[in-house]
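Comments concern the structure below.
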Amino acid sequence: MKQKIDLDTWDRKEHFLFFNQFEEPYYGVCVTMDCTEAYRFAKANQLSFFLYTMYLSLMASQRIKEFTYRIEDGDVFMYDRIDGASTVARPNGTFGFGFYTYHDSLADFMAEAKREVEVVQSRTDLVRSDVISLIRYSSLPWIDFTSLSHARMFSVPDSAPRISFGKITELNGKRTFPVSIHVHHALVDGLHVGQYLDLFQQLMNEGV
């Protein structure tokens, strides 16, 4: 379900009109996040760390309304649910694309996500979901990156956030990993990215 935003009464109208005309309206930040408790929880429960952190990240996106906005044919819509999509590593060193429906239940999300990964790994195609109400994820577990950019097809309109997770490093019993987040500035400001990252960190600290 989605709700159309009335631009005439929207407090972000002028910001939307300004940034939506940019050839490159996306901006991004890279931050180092504490994943000590999230890693411990994932390993204790035999969960994929990537899928688990994606789940927590998606949980945060449901609660920060700016992350539920998407642009369609020049209009802005607010979605009731934001799903996930990601690259999926294949045994031959290539990758495919997976799609993951968000569920409030961790068990339901993980069970469905695990099946999706297995299906994508069994195929050879490179078909990406055309669903608008999602966040695009990727994982670079080999790289402790400090910056990151994305390949873009500028002829295809897009407003979905892109989030990437990097290599886990450990120091004095504390685990951290880099997180890159790119968002469409017509929909999301730095304030909202900060709120999102704060909530994501809180959820990783708490465990679910």
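A short reminder: the numbers here are calculations on the coordinates, not readings from a lab. Since the model is a prediction, treat every value here as computed from it, not as a measurement. Don't worry about glycine lacking a Cβ; one is built from the backbone with ideal geometry, like all the others, and counts go over all protein chains shown.
Quick notes
- Close contacts from the range 161-174, counting a first residue that is farther than 14 Å from VAL31 by Cβ and a second that is surrounded by fewer than 21 Cβ atoms within 10 Å (Cβ to Cβ) and small (Gly, Ala, Ser), with Cβ to Cβ under 9 Å and a gap of 6+ residues or different chains, come to ARG162/GLY28; ARG162/SER138.
- A single member of VAL119, VAL76 is among the β-branched types (Val, Ile, Thr), free of Cβ contacts under 8 Å to residues at least 60 places away in the same chain and over 20 Å from CYS35 (Cβ atoms), and it is VAL119.
- Filtered by the rule that a residue be of a type in the set (Asp, Glu) and out of contact with any Ser or Thr (no Cβ under 8 Å at 6 or more places or on another chain), the range 25-46 gives a lone residue, GLU37.
- Odd one out for LYS167 among (1) part of a loop (DSSP other than H, G, I, E, B); (2) over 21 Å from GLU37 (Cβ atoms); (3) more than 16 Å from the chain's Cα centre (by Cα): (2)
- When residues of the range 197-208 are limited to those that are outside any loop (DSSP other than H, G, I, E, B) and touching a helix residue (DSSP H, G or I) at 6+ places or on another chain (Cβ under 6 Å), the one farthest from TYR27 (Cα to Cα): ASN205
- LEU58 being among the aliphatic types (A, V, I, L, M), out of contact with any Pro (no Cβ under 8 Å at 6 or more places or on another chain), closer than 23 Å to PHE77 by Cα and in a loop (DSSP other than H, G, I, E, B): no
- Residue among LEU58, LEU7 that alone is surrounded by 12 or more Cβ atoms within 10 Å (Cβ to Cβ), under 30 Å from LYS174 (Cα atoms) and either of a type outside the set (Gly, Ala, Ser) or touching a Phe, Trp or Tyr at 6+ places or on another chain (Cβ under 7 Å) (or both): LEU58
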